[in-house]
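Right, one structure below, let's go through it.
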Amino acid sequence: MINMIPIILDNHTFLAISVRLPKTNLLAVASEKGYIMCGALDVGLLNDKLRDRKILAGRATGVKSIEELLEAPHESVTWEAVEKGIHPGMIGKEALIKMI
């Protein structure tokens, strides 16, 4: 099952997406410029093989819901995210605000 809902943070709307899969869930919250995602996100791939795309993204591990994703500290972020002031340890909703 796929679920998409709007999330309002600091008067800005983001799209929260959850995909139920066998034994796991994929979780993401996106702005028009970037996104945060659960541990399924491969930041190394984005930084290395897709570097020319300048993807703005962050990864939180161990989260099981959109609410947890918004509150969890990032385990890793893309280089493009670092350039926007997003860093490992920053919680999801703070990173999203920097992605506006």
Report yes if some residue within segment 33-42 is open to solvent by 40 Å² or more (accessible area, probe 1.4 Å) and among the hydroxyl-bearing types (Ser, Thr, Tyr); otherwise report no.
-> yes
Answer with yes or no whether residue 28 is in a strand (DSSP E or B), open to solvent by less than 70 Å² (accessible area, probe 1.4 Å) and at negative phi.
-> yes
Segment 47-60, subset aliphatic (A, V, I, L, M) and open to solvent by 20 Å² or more (accessible area, probe 1.4 Å), residue nearest to residue 94 (Cα to Cα) = 55
Taking the options 15, 21, name whichever one is open to solvent by 40 Å² or more (accessible area, probe 1.4 Å) and modelled with pLDDT under 95.
-> 21
Unique match (being modelled with pLDDT of 95 or more, small (Gly, Ala, Ser) and farther than 21 Å from residue 16 by Cα) among 44, 85 | 85
Qualifying residue in segment 77-87 (condition: within 23 Å of residue 3 (Cβ to Cβ) and open to solvent by 80 Å² or more (accessible area, probe 1.4 Å)) | no
Since residue 63 meets every condition but one in (1) part of a loop (DSSP other than H, G, I, E, B); (2) open to solvent by 90 Å² or more (accessible area, probe 1.4 Å), which condition does it not meet?
-> (2)
Look through 46, 41 and report the one residue that is within 11 Å of the chain's Cα centre (by Cα) and under 24 Å from residue 4 (Cα atoms).
-> 41
Residue hits (segment 10-24; within 18 Å of residue 93 (Cβ to Cβ), part of a strand (DSSP E or B) and more than 14 Å from the chain's Cα centre (by Cα)) are 12, 13
Restrict the check to segment 59-79 and report whether at least one residue is farther than 17 Å from residue 16 by Cβ, touching a residue at least 40 places away in the same chain (Cβ under 8 Å) and not charged (D, E, K, R).
-> no
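The values are calculated or read from the model by the stated rules, or taken from the named source; none is laboratory data. The structure displayed is predicted, hence computed values, not measured ones. For neighbour counting, all protein chains shown are included, and Cβ atoms are generated from backbone atoms with ideal geometry for every residue, glycine included. Just the protein is used for accessible areas: all its heavy atoms, side chains included, with ligands, DNA and RNA removed. Shrake-Rupley method; radii C 1.70, N 1.55, O 1.52, S 1.80 Å.
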